[in-house]
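For reference, the structure discussed in these notes is given below.
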Amino acid sequence: MKTSRRCVIIAGSPDADAATIKTAVRGGDFIMCADRGYATAKAAGLVPDVVIGDFDSYGGELPSDCEVIRLCPEKDDTDTMHCVTTALERGFRDFLLLGAIGGRLDHSLANLCVLEALAAQGATGCIVSDSEMIMLLREGRHRCGGYKGRTFSVFPFGCASVTLTYEGAYYPLRHGTLTHAVPMGVSNVFTDDEALITVHSGQALLILHLR
């Protein structure tokens, strides 16, 4: 059964900023922690609903006031992906990932892949750090409101190329194609509070710099 509540997953990045995470979480959110993400949640003064992990990166005492799911260390998915799978099974379709970028590059990349996994299930997801917001843009029009003056970058993701149109950007693009070999989508700037990015084909990562 689907739920309208937002699921916040706190992953285990060692670079996670507790103050940013505390600010990002709002009342009514369902909070899940992936392994060391529980330590970050505690530092932020947050009480999770579920903690999931094999606990290879968190060696402290586990909570007694919430659900704990212990995983076998020999597994195919990351702890964060197990959080996503569990939340999808419980009906969540709106996701915010915190503490998901930084530390090991392979873990950061795996968490970017989570955005595609969510989209494939008809869910929406966003990764937020203390300096960036990252979203997966699939075919269609995407409003980027309220970000005038912010720097953003766009890269094809999960595909060979992406064809896009920007409206309200310093470097305009009209049915332009971005590929992996030429990172032309780096460091553009929104010039309009009602900017639009239209994805004509393919899909892309939008990385918005928050400061």
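Computed over protein heavy atoms with a 1.4 Å probe, the accessible surface of the chain works out to 49 Å² per residue. Principal-axis analysis of the Cα atoms of the chain puts helix 105-120 at an angle of about 80° to the longest axis.
Annotation: amide H-H contacts under 5 Å for Ile69 (H modelled 1.01 Å from N, sequence separation of 5 or more, or interchain): Val51, Ile52, Gly53. For chymotrypsin sites (Phe, Trp or Tyr not before Pro), the sites in the stretch 140-172 that DSSP calls loop and that have at most 16 other Cβ atoms within 10 Å are Tyr170.
With a Förster radius of 41 Å, plug the Cβ-Cβ distance of Ser4 and Tyr171 into 1/(1 + (r/R0)^6) and report the FRET value to the nearest 0.05. Working shown, then result.
Numbers: r = 37 Å, r/R0 = 0.91.
That gives a FRET efficiency of 0.65.
Separation of the stretch 72-114 and the stretch 1-64, taken as the distance between their Cα centroids, equals 12 angstrom.
The residue among Thr20, Ala43, Ser64 whose Cα reaches farthest toward the positive pole of the charge dipole of the stretch 1-84, with charges on the beta-carbon of Lys, Arg, Asp and Glu, is Thr20. In order along the stretch 69-85, phi translates into HN-Hα couplings of 10, 9, 9, 6, x, 8, 9, 8, 9, 6, 4, 5, 5, 5, 4, 4, 4 Hz, rounded to whole numbers, per the Karplus curve 6.51 cos²θ - 1.76 cosθ + 1.60 with θ = phi - 60° and x for Gly and Pro. Per-residue Karplus couplings for the stretch 124-139, computed as 6.51 cos²θ - 1.76 cosθ + 1.60 with θ equal to phi - 60°, are listed in order as 10, x, 8, 9, 10, 10, 6, 10, 9, 10, 10, 9, 9, 9, 9, 4 Hz, Gly and Pro entered as x.
Within 10 Å of each candidate Cβ there may be at most 16 other Cβ atoms; applying that plus a DSSP loop requirement, which trypsin sites (Lys or Arg not before Pro) in the stretch 47-121 survive? Passing both the DSSP loop test and the Cβ count: Lys75, Arg90, Arg104. Surface composition of the stretch 88-169: carbon and sulfur make up 50 percent of the accessible area, probe 1.4 Å.
Close amide H partners of Gly102, meaning residues 5 or more places away or on another chain with modelled amide H under 5 Å apart, are Ser108. Taking amide H atoms as placed 1.01 Å from N in the peptide plane, the amide H of Val8 lies under 5 Å from those of Phe30, Ile31, Met32, Leu96, each 5 or more residues away in sequence or on another chain. Note on the chain: dipole from Cβ charges, positive end direction compared against Gln121, Tyr170, Gly53; the farthest Cα belongs to Tyr170.
The values are calculated or read from the model by the stated rules, or taken from the named source; none is laboratory data. Computed from a predicted structure; not experimentally measured. Cβ atoms come from the backbone with ideal geometry, glycine included; neighbour counts cover every protein chain shown. Protein only, heavy atoms only, side chains kept; ligands, DNA and RNA dropped before computing areas. Shrake-Rupley method; radii C 1.70, N 1.55, O 1.52, S 1.80 Å.
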